[in-house]
Amino acid sequence: MDPSSDRFAFDDAAYARLRRRVAETLRGDEARIVLSCSVYNGFAGRLEADLGVQVERSDEAGIHDALAYGPHIGLAVSYPPSYAVIERRLREVGADRGGGCEPLPLLGENAFAFADDEERYAAALGEATREGVRPRGLDCVFLAQFSMDPFAARIAQGTSLPVVSALAATLGRLAP
């Protein structure tokens, strides 16, 4: 994956690269695999079927936690190709719960390209969430990428909304 790109090819070649990398790291005693990059979540079902190991999407636990607040979710994604993957899953889970879901994008730029610059990343995320929540009547903000977790408290303070971090939700789900 090219973090500076605004596109990701969801094709057989991208899947083969992911599958190969995952298979190389397996020891054989794994009970599950947790994907840590939301753009790869679109391949979770296929990967699980191919490898015979439970595959957790990086956004799954957070999606369930966010929907507990209501259907109007401010969706913060720093890598633009991930929006469609996460938005589709939010809508699926919302429909399965019988309440629907209306994800609203909060971050328009490819902030992942500069995620290694913590202050710039935090500023872009903070500004986008503050500006994005005001007129929209959101129930919560969903920080859908693991790299956003360090900024959850700052975002909650800046928006006065509940903030769901994909990383915190995933770790909470994995805890015994």
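The values are calculated or read from the model by the stated rules, or taken from the named source; none is laboratory data. Note that the coordinates shown come from a computational prediction; the quantities given were computed from them, not determined experimentally. Note: ideal-geometry Cβ built from the backbone for every residue, glycine included; neighbour counts use all protein chains shown.
Give the residues of region 22-50 that are β-branched (Val, Ile, Thr), surrounded by 11 or more Cβ atoms within 10 Å (Cβ to Cβ) and without any contact (Cβ under 8 Å) to a residue 40 or more places away in the chain, sorted by residue number.
First pass over region 22-50, keeping only residues β-branched (Val, Ile, Thr): 22, 25, 33-34, 39.
Checking the rest, the ones that are also surrounded by 11 or more Cβ atoms within 10 Å (Cβ to Cβ) come to 22, 33-34, 39.
Of everything in region 22-50, those that are β-branched (Val, Ile, Thr), surrounded by 11 or more Cβ atoms within 10 Å (Cβ to Cβ) and without any contact (Cβ under 8 Å) to a residue 40 or more places away in the chain turn out to be Val22, Ile33.
Just the residues that are of a type in the set (Gly, Ala, Ser) and surrounded by 23 or more Cβ atoms within 10 Å (Cβ to Cβ), please, taken from region 51-61.
Restricting attention to region 51-61, the residues satisfying the condition of being of a type in the set (Gly, Ala, Ser) are 52, 58, 61.
Scanning region 51-61 gives a single hit, Ser58.
In this structure, does Ala76 turn out to be under 30 Å from Pro162 (Cα atoms), at pLDDT below 90 and in contact with a Leu (Cβ under 6 Å, 6 or more places away or on another chain)?
Numbers: under 30 Å from Pro162 (Cα atoms): yes; at pLDDT below 90: yes; in contact with a Leu (Cβ under 6 Å, 6 or more places away or on another chain): yes.
It is true that Ala76 is under 30 Å from Pro162 (Cα atoms), at pLDDT below 90 and in contact with a Leu (Cβ under 6 Å, 6 or more places away or on another chain).
Determine which single condition Asp11 fails, assuming it passes every other condition in (1) of a type outside the set (S, T, N, Q); (2) surrounded by 17 or more Cβ atoms within 10 Å (Cβ to Cβ); (3) at pLDDT below 90.
Just one mismatch for Asp11, condition (2).
In region 62-72, how many are touching a helix residue (DSSP H, G or I) at 6+ places or on another chain (Cβ under 8 Å) and either surrounded by fewer than 22 Cβ atoms within 10 Å (Cβ to Cβ) or more than 15 Å from Ala152 (Cβ to Cβ) (or both)?
To start, the set of residues in region 62-72 that are touching a helix residue (DSSP H, G or I) at 6+ places or on another chain (Cβ under 8 Å) comprises 62-67, 71.
Among the residues that remain, those that are also either surrounded by fewer than 22 Cβ atoms within 10 Å (Cβ to Cβ) or more than 15 Å from Ala152 (Cβ to Cβ) (or both) are: 63-65, 67, 71.
Number satisfying all stated conditions: 5.
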